[in-house]
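Here the structure is laid out as structure tokens; the discussion comes afterwards.
The values are calculated or read from the model by the stated rules, or taken from the named source; none is laboratory data. Bear in mind that the values here come from a model prediction, so they are computed numbers and not experimental data. Glycine also receives a Cβ, built like all others from the backbone with ideal geometry; neighbour counts cover every protein chain displayed. Surface areas here come from the heavy atoms of the whole protein model, side chains and all, with no ligands, DNA or RNA. Shrake-Rupley method; radii C 1.70, N 1.55, O 1.52, S 1.80 Å.
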Amino acid sequence: MSAATTILRASRSCLAQTTICAANNNVLNQRRFFRSQPSYDGHIPLNWFENAFLAVGSAIASLSDPRRGDMIAALGETTAGPALPRLREVMLESREGRRILKDRPRVNSSTIDMQELSALSEGTFGRAYVTWLDRCGVTPDTREPVHYIDDPELAYVMQRYRECHDFYHCICSLPVNVESELALKFFEFANLGLPVAAISAVFGHLRLDSERRSRLFREFVPWALRCGGSAQSLITVYWEERWQQDVGELKKELGIWDPPQARWSKPLSEAKLAAEKRLQTSQ
């Protein structure tokens, strides 16, 4: 049983007691607790009380343990509010964004040919992405599916944001560690305006020691706010069509410049060697 399911069961138990009390006292309108039917595969409809209960519970759980991807995902969905309709409007205003909404591409190991990306020329975005994956030791298969957003198209917008997160890491030259994740959250909030990014940014730094926290706010946050605020909205980028584009040209087109030097756990040379071995194995 997932933590989100446990929180939902607790909220519904509390809701049942609240509803009975309200009925006996004729205080609350029962329609406020209405829960709709599922709108897509995996959809778990919530009424306003359950949404609020899950938002608080997932916030506490994710801040206590940032490795809980399911709780961070639930927090993102239950706090999205008007941010998702606004992002959809941004996508609809862009030719590339409209095609994304029409095609609804997904990002995972079954839709991305890693061997093909490894064969691309050095300096292309596709080669940079697969090198970033090897350097950070991650895969594109770690993103939670969307469950708690009612509108199917808005659910896809959230899914797209979630699955493109690693592209943002790659294009911004940021590894996977606490301070780099927080720097990217500040960037994402300035660029996309999602509340979950702000919540993570505001509270996540409390897990850092004083030295890393000081560097985060002295060097990374100013970069993230300036760069994220002035760059093209990254939700409108059809990344899968940019594999062969020069990564430097792509950064220039999007208005992105590199952050201060980050702390990487693996040298770039090792990641490039891993990509070359993958290519040799496939031949």
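Quick one: divide the alpha-carbon radius of gyration of segment 83-281 by 2.2 N^0.38 Å and tell me what you get. Walk me through the intermediate numbers first.
On the way: Rg = 16.6 Å, N = 199, 2.2 N^0.38 = 16.4 Å.
Cα Rg divided by the expected 2.2 N^0.38 Å: 1.01.
With a 1.4 Å probe and all protein chains left in place, how much of the accessible area of segment 83-281 comes from carbon and sulfur atoms, in whole percent? Walk me through the numbers before you get to the answer.
Values: 4640 of 9060 Å².
Looking at segment 83-281 in its full context, I get 51 percent from C and S.
Hey, can you rank 73-79, 117-123, 176-182 by average C-beta count inside 10 Å, highest first? Before the final figure, lay out the partial values.
Values: 73-79: 25.3, 117-123: 15.6, 176-182: 19.1.
In decreasing order of mean packing, 73-79, 117-123, 176-182 become 73-79, 176-182, 117-123.
Sort 129-138, 208-217 for me by packing, meaning the mean count of neighbouring Cβ atoms within 10 Å per residue, highest on top. Don't jump to the answer; show the numbers that get you there.
Working: 129-138: 20.6, 208-217: 13.2.
Answer by packing, highest mean first, reads 129-138, 208-217.
Whole-Hz ³J(HN,Hα) for each residue in segment 163-169, computed from phi via Karplus 6.51 cos²θ - 1.76 cosθ + 1.60 with θ = phi - 60°, x for glycine and proline: what do you get?
6, 8, 4, 5, 4, 5, 4
Please work out the average accessible area per residue across segment 83-281, using the 1.4 Å probe convention, and give it in Å². Can you show the working numbers first?
Details: 9060 Å² over 199 residues.
I get 46 Å² per residue for segment 83-281.
Find how much the distance from GLU240 to ARG67 grows on full extension, using 0.36 nm per residue of separation minus their present alpha carbon separation; answer in nm with one decimal. Please report the intermediate quantities before stating the final value.
On the way: separation 173, 0.36 × 173 = 62.28 nm, distance 2.73 nm.
Answer, rounded to one decimal: 59.5 nm.
What is the distance in Å between the Cα centroid of segment 108-171 and that of segment 190-233?
Distance between centres, Cα-based: 21 Å.
On a full-extension model of 0.36 nm per residue, what is the gain between ASP41 and ARG218, subtracting their alpha-carbon distance, rounded to one decimal in nm? Walk me through the numbers before you get to the answer.
Working: separation 177, 0.36 × 177 = 63.72 nm, distance 4.42 nm.
The span from ASP41 to ARG218 would gain 59.3 nm if fully extended.
Which length gain, in nm to one decimal place, applies between LEU206 and THR111 when the Cα-Cα distance is subtracted from 0.36 nm times their residue separation? Spell out each step's value before the answer.
Working: separation 95, 0.36 × 95 = 34.20 nm, distance 3.69 nm.
Stretched out fully, the LEU206 to THR111 stretch lengthens by 30.5 nm.
Counting only residues 5 or more places away or on other chains, whose amide H sits under 5 Å from the amide H of THR124 once H atoms are built in the peptide plane?
VAL247
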